[in-house]
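Participant: Quick one: the structure is below, and I'll ask about it shortly.
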Amino acid sequence: MAQSHDDPVIVIGGSLVGLSAALFLSHWKVPVVVLERHPSSALHPRAVGYTARTIEFLKTVGASEDLKGIMWKGGPPKRVVVESLAGKWENEVAWTEKRTASAPPASENEGKGTPPKGPPPGPTYSHVQGVAVAQDIIEPVLRNHAIRLGAELRLGHKVLDWTQDDEGVTVTATNPDRTEYSLRGQYLVACDGARSPVREKLGIKRQGVGILRALRSILFKCPRINKYLDHGYSQFQIENGEFEAFMTTYGEGRWMLAWNDGTEDFDSPETKLDLIRKATGLPDLTGDDVDFITTGQWDIGGLVADEYSSGRVFLAGDAAHALPPNRAGFGANTGIADVHNLAWKLASVLQGKSRPEILKTYTQERQPVAVVRHDQIFARQDYRRYTKGLKWPGKDAELLDDNALEFGQIYHSNGILEKGENLPLAKVPTEWKAQPGTRAAHVSLRKDGETISTLDLFGTEWVVISSDEEWKQSVESTAKSLGINVEFACIGKDIVEEVEGSFNEVYGLNRNGAALVRPDGVIAWKVIEKLDEPMEVLAEALSKASYAAKSN
């Protein structure tokens, strides 16, 4: 058995979340090896939508520019109930049929076939917009960018086993030639799917709705039906009394038809063609009209792991939270946010800046996020009808605003200072006022004659942001004393607001207050106005929030 060189972090699974882990770890200068058993992306795409928050992450590592030219337009997916594509079209189905008090009031038609009204997506709370692009198209983009940043991707390498000890992890794998080898690293990130062998070996349990049903799916092309996209709908809920199914497009002329499992002789071309005839309402379709690409089988349900780590092993993506496909993109996007949260912490520990205890905040922060999103999925009408008679702790969850869920879920961990009590699960950023534990809000700024966002100031190092330049000396002294890189962003000097007063208003600060922002763009601490001995106050806050390895 050949022995390979040591690497700090090993990632098992090279799909969306595993590739994102490699991307973010490489961005923070951590050597990483990804082991993926498949030689390339799967033929059957799964995820198709990436939220503005995900694009914010990709922008900080320079990967968002790579998406230009491959994404398709149209905004959030619109769904309609139909007898068939060629038959009667019934109601448009909104993702959220009512709003909480934090959202704009609903219109009188909301939930009755009219899209819910509220703030426009993306630009209101972010400087970027979400994109629609099929998973098998975005994965090569992430793969190539991770390689450019230094990641090592081993495609066609199958993991046989792994072990961990006090000093690191050892993975046994085979290469495409089936030659067995071992790989030693300091940490392991398991992005190995909903049936995660890593999670199973760790013995970590899951809670949630459970598996509701199994679906079969066909991925195919049929130029005759592309015209049905002209009305602006990309998702079709087929209900005609005899056949219940779901159809959507993955772009490039590709369609997916999914229905409840149980079909006999599924591999027969005639059986598949007959199912497509039922869904489209076109009984005259022939084999010449349809190009079959591949088929799939899916478990639909929801389960969230009780813990996201054990020792030196971490779970991310579907391994940590199996969430069904949904119009908010809570599956892949939640997984990408997992590894963004974890990557900077691993980097800080491996580079000797933080104590290993900071890694415990990964579960503290990300697991509750997945629980909330799990409950929100099954509170909405797309899935609510499948949970009748089922019970779980979050079944009666109140619907939360979509923008609050995307931009305003709050972290409660030992790394968040001044957390507050009895806070809501989520609010839109302008209502949070830079509450510690929440994502730093977008404010439009000008720098060197160009429009930028406050979000452009975050994403690599710790940042203290304020409109009072007197914080600069405290920042420099604190960074030196703790051995942690901290940048200072002064609003009002080289960087100015496009709307005067907007920064302090959105961040809930007086003119001389300040906020401490983590490398992942999350507020760790803030003071509304400068206190006596600001350097001592800041040094204590940074030391606690960063789990600084060096005392000041």
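The values are calculated or read from the model by the stated rules, or taken from the named source; none is laboratory data. What you are looking at is a predicted structure, and each value in this text was computed from that prediction instead of being measured. Counting neighbours? That spans all protein chains shown, and the Cβs are built from the backbone with ideal geometry, glycine included.
Participant: Since I238 meets every condition but one in (1) assigned to a helix (DSSP H, G or I); (2) modelled with pLDDT under 95; (3) surrounded by 21 or more Cβ atoms within 10 Å (Cβ to Cβ), which condition does it not meet?
Facilitator: In the conditions (1) assigned to a helix (DSSP H, G or I); (2) modelled with pLDDT under 95; (3) surrounded by 21 or more Cβ atoms within 10 Å (Cβ to Cβ), I238 misses (1) alone.
Participant: Here is a follow-up. Quick one: how many residues across region 409-467 are farther than 19 Å from V128 by Cα and of a type in the set (V, I, T)?
Facilitator: Here the count works out to 5.
Participant: Still on this structure: Give, as residue ranges, the strands (runs of 3 or more DSSP E) completely inside region 5-97 that count at least 3 residues that are free of Cβ contacts under 8 Å to residues at least 12 places away in the same chain. Working first, answer last.
Facilitator: Values: elements: 32-36, 79-82, 89-93.
No strands (runs of 3 or more DSSP E) qualify here.
Participant: Follow-up question, since we're still on this one. For region 2-57, enumerate the residues that are at negative phi and of a type in the set (D, E, K, R).
Facilitator: Result: D6, D7, E36, R37, R46, R53, E56.
Participant: Considering only region 217-230, state which residues are touching a residue at least 12 places away in the same chain (Cβ under 8 Å) and either farther than 30 Å from R373 by Cβ or in contact with a Phe, Trp or Tyr (Cβ under 6 Å, 6 or more places away or on another chain) (or both).
Facilitator: The initial filter retains those residues of region 217-230 that are touching a residue at least 12 places away in the same chain (Cβ under 8 Å), namely 217-226, 228-229.
Across region 217-230, the qualifying residues are F220, K221, C222, P223, R224, I225, N226, Y228.
Participant: Contact list please: Cβ distance under 7 Å, first residue in region 268-294 and within 11 Å of R224 (Cα to Cα), second residue part of a strand (DSSP E or B) and at pLDDT 90 or above, pairs at least six apart or on different chains.
Facilitator: V290/F220
Participant: Only residues in region 517-533 that are assigned to a loop (DSSP other than H, G, I, E, B) count as the first member; pair them with residues that are polar (S, T, N, Q), Cβ under 7 angstrom, at least 6 apart or cross-chain, and list the lot.
Facilitator: Close Cβ pairs satisfying both conditions: P519/T460; D520/N341; I528/N510; E529/N510; E529/N512; K530/N512.
Participant: Determine, yes or no, whether W255 is over 19 Å from G18 (Cα atoms), in contact with a strand residue (DSSP E or B) (Cβ under 7 Å, 6 or more places away or on another chain), of a type outside the set (S, T, Y) and without any contact (Cβ under 8 Å) to a residue 40 or more places away in the chain. Full working, then the answer.
Facilitator: Working: over 19 Å from G18 (Cα atoms): yes; in contact with a strand residue (DSSP E or B) (Cβ under 7 Å, 6 or more places away or on another chain): yes; of a type outside the set (S, T, Y): yes; without any contact (Cβ under 8 Å) to a residue 40 or more places away in the chain: yes.
The answer is yes for W255.
Participant: Would you pick out the residues in region 488-503 that are within 29 Å of the chain's Cα centre (by Cα) and surrounded by 22 or more Cβ atoms within 10 Å (Cβ to Cβ)?
Facilitator: Correct list: A489, F503.
Participant: Still on this structure: Of the residues that sit in region 32-51 and are surrounded by fewer than 23 Cβ atoms within 10 Å (Cβ to Cβ) and in contact with a Ser or Thr (Cβ under 7 Å, 6 or more places away or on another chain), which one is nearest to A258 (Cα to Cα)?
Facilitator: H44
Participant: Cβ-Cβ below 8 Å, separation at least six or inter-chain, first residue in region 131-156 and within 24 Å of W28 (Cβ to Cβ), second of a type in the set (V, I, T) and surrounded by fewer than 19 Cβ atoms within 10 Å (Cβ to Cβ): which pairs?
Facilitator: If the second residue must be of a type in the set (V, I, T) and surrounded by fewer than 19 Cβ atoms within 10 Å (Cβ to Cβ), the pairs left are I138/I70; V141/I70; L153/I147.
Participant: Also: Exactly one condition in (1) without any contact (Cβ under 8 Å) to a residue 40 or more places away in the chain; (2) over 18 Å from S196 (Cα atoms) is false for K360; which is it?
Facilitator: Unmet condition: (1).
Participant: Any residue at all in region 198-209 that is within 30 Å of P356 (Cα to Cα), among the aliphatic types (A, V, I, L, M) and buried (at least 22 other Cβ atoms within 10 Å of the Cβ)?
Facilitator: Checking region 198-209: at least one residue is within 30 Å of P356 (Cα to Cα), among the aliphatic types (A, V, I, L, M) and buried (at least 22 other Cβ atoms within 10 Å of the Cβ).
Participant: Condition (residue is at pLDDT 95 or above and of a type in the set (S, T, N, Q)) applied to region 398-411: is it met by at least one residue?
Facilitator: Yes, some residue in region 398-411 is at pLDDT 95 or above and of a type in the set (S, T, N, Q).
Participant: Another one. Counting just the residues of region 348-404 that are aliphatic (A, V, I, L, M) and farther than 29 Å from F314 by Cβ, which one comes out surrounded by the most Cβ atoms within 10 Å (Cβ to Cβ)? First the steps, then the outcome.
Facilitator: Just the residues of region 348-404 that are aliphatic (A, V, I, L, M), to begin with: 349-350, 358-359, 369-372, 377, 379, 390, 397, 399-400, 404.
So of that shortlist, the ones also farther than 29 Å from F314 by Cβ come out as 390, 399.
Values: L390: 13, L399: 16.
It comes out as L399.
Participant: Follow-up question, since we're still on this one. Just wondering, is there one or more residues in region 170-189 that are modelled with pLDDT of 95 or more, in a loop (DSSP other than H, G, I, E, B) and buried (at least 18 other Cβ atoms within 10 Å of the Cβ)?
Facilitator: No.
Participant: Additional query: Taking A404, is it touching a residue at least 12 places away in the same chain (Cβ under 8 Å), within 28 Å of I358 (Cβ to Cβ) and either within 18 Å of the chain's Cα centre (by Cα) or assigned to a helix (DSSP H, G or I) (or both)? Steps first, answer last, please.
Facilitator: Working: touching a residue at least 12 places away in the same chain (Cβ under 8 Å): yes; within 28 Å of I358 (Cβ to Cβ): yes; either within 18 Å of the chain's Cα centre (by Cα) or assigned to a helix (DSSP H, G or I) (or both): yes.
Yes.
Participant: Scan (1) in the same structural domain as L23 (by TED's automatic domain parsing); (2) in contact with a Leu (Cβ under 8 Å, 6 or more places away or on another chain); (3) not in a helix (DSSP H, G or I) for the single condition R195 breaks and write down its number.
Facilitator: All conditions pass for R195, except number (2).
Participant: Also, I was wondering about something else. Among the candidates D192, D230, D166, single out the residue that is among the acidic types (D, E) and either surrounded by 14 or more Cβ atoms within 10 Å (Cβ to Cβ) or in contact with a strand residue (DSSP E or B) (Cβ under 6 Å, 6 or more places away or on another chain) (or both). Steps first, answer last, please.
Facilitator: Working: D230 fails: either surrounded by 14 or more Cβ atoms within 10 Å (Cβ to Cβ) or in contact with a strand residue (DSSP E or B) (Cβ under 6 Å, 6 or more places away or on another chain) (or both); D166 fails: either surrounded by 14 or more Cβ atoms within 10 Å (Cβ to Cβ) or in contact with a strand residue (DSSP E or B) (Cβ under 6 Å, 6 or more places away or on another chain) (or both).
So the residue among D192, D230, D166 that is among the acidic types (D, E) and either surrounded by 14 or more Cβ atoms within 10 Å (Cβ to Cβ) or in contact with a strand residue (DSSP E or B) (Cβ under 6 Å, 6 or more places away or on another chain) (or both) is D192.
Participant: Further question: How many residues are closer than 19 Å to V499 by Cα and out of contact with any strand residue (DSSP E or B) (no Cβ under 7 Å at 6 or more places or on another chain) when one looks only at region 422-431? Steps first, answer last, please.
Facilitator: Residues of region 422-431 closer than 19 Å to V499 by Cα: 429-431.
Among the residues that remain, those that are also out of contact with any strand residue (DSSP E or B) (no Cβ under 7 Å at 6 or more places or on another chain) are: 430-431.
Here the count works out to 2.
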